[in-house]
Amino acid sequence: MNFSAKFLLLFLLLVYFSLVFIFPFLIEKKALDSFIAYLLPFIGGLSYYTVMKYQAELRLAKDTASENLTKDNRKSILFLRSFNVDSLKCIRPITFKGLVPWDSKNINTKITLEEAISDNINQKIGPFIALGNPTDKIPTLGAYKDYIDDDWKKLVKKYCNKSSLILVLEGQGDGLAWELEYIRKNISHKKILFLSHPKPFVSNSDIFVAFATLLKKCGYVVPHISTYTGNIYYVDEMWRLQILGEDINRINEYVSVIEEYHKGIKNG
C-alpha cells in the first residue's frame, strides 16, 4: 500500500475512533446525532474509495507472469481462455479473511473460475500464468498475467512449450481457436486439460456446446456428454476428450483433480 492509501486508511480509523470514544463526551446527543447523520455518507464514500484504491495498488504491484517465473523455479501452469468468459462469475465464498474490509479481494463480491482456482494452483501445483486482456485498465485478479498487444501468439507458443500443464477453459473466439489448433499440432496431448465451468458459474450447457463445436473444427474428438458443467477432461492419444472429473461444484475438489493429474504426468 502506498502513502496515499495508508494515509486515507489511518484517517478513517481516527474518524471512527473519534465518533465512538471522543465526540460523545464533547457534544450534546442531539447535535452529535445530526453531525453523524451528515458525516456517515462521507465516511462511507471515502471508505469505499480507500478500499478500491488499495485494491488497485495491489493489482498494479502484482508480478507479471514473466516476472513471477524468474522467482519460482517450478514449471508453470498455463491458463488459456477466451476473454469473453471473464464475465462469467459466481458469488465469492465467504471466509474470515473476506470479511476484513481492506482485504484485497473483498470489494469484488463475484469471482471468475480463474480467480477461484488461482491460489490453490499457485500453492499446490505451480505458478499459474495467463495472458491478460489488453483492454483491462489494471491487471485482474487470478493468474499472473503478461499484457501484450502485438505478437501474443509468440508468447503463447513459448508458454505452451515451457509449461508442465495447459488448462483450457471452455469458450469461443478466434484467439482461442488459434491456440487450440497450435496445441493440436505442436504440443503433447498429455499436457492438456479442458475445463468446463461448475454450476455456480453457468446456468446451462450453451457455452460447452459451442466450445465442443470449436474443438471439433480444430481436430479434436468430442464424445457425447451427459453432464456439461463442472467437468475436467484429459485428451487421449487420438485427441479424444475423456472425462477426468465430472459434475464438480466445489473448488477444492476441482483443483484436487487437476493436481492429481499433474502428479501423474510429472511422475510418468
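The values are calculated or read from the model by the stated rules, or taken from the named source; none is laboratory data. In this text, all values refer to a predicted model and were calculated from it rather than measured experimentally. All Cβ positions, even for glycine, are placed from backbone atoms using ideal geometry, and neighbour counts span all protein chains on display.
Numerical summary
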item: Answer from 231, 252 - the residue that is more than 20 Å from residue 185 (Cβ to Cβ) and touching a strand residue (DSSP E or B) at 6+ places or on another chain (Cβ under 8 Å); result: 231
item: Subset tally (residues that are closer than 15 Å to residue 168 by Cα and without any contact (Cβ under 8 Å) to a residue 60 or more places away in the chain) for region 241-268; result: 6
item: Residue in region 163-179 that is over 24 Å from residue 88 (Cα atoms), assigned by TED's automatic domain parsing to the domain that holds residue 217 and within 19 Å of the chain's Cα centre (by Cα) present; result: yes
item: The lone exception for residue 221 - which of (1) exposed (fewer than 15 other Cβ atoms within 10 Å of the Cβ); (2) out of contact with any Phe, Trp or Tyr (no Cβ under 7 Å at 6 or more places or on another chain); (3) hydrophobic (A, V, I, L, M, F, W, C) it fails; result: (2)
item: Criterion violated by residue 205 - all others in (1) of a type in the set (Gly, Ala, Ser); (2) within 23 Å of the chain's Cα centre (by Cα); (3) under 23 Å from residue 121 (Cα atoms) satisfied; result: (3)
item: Which listed residue is in a helix (DSSP H, G or I) and modelled with pLDDT under 95, from 252, 204; result: 252
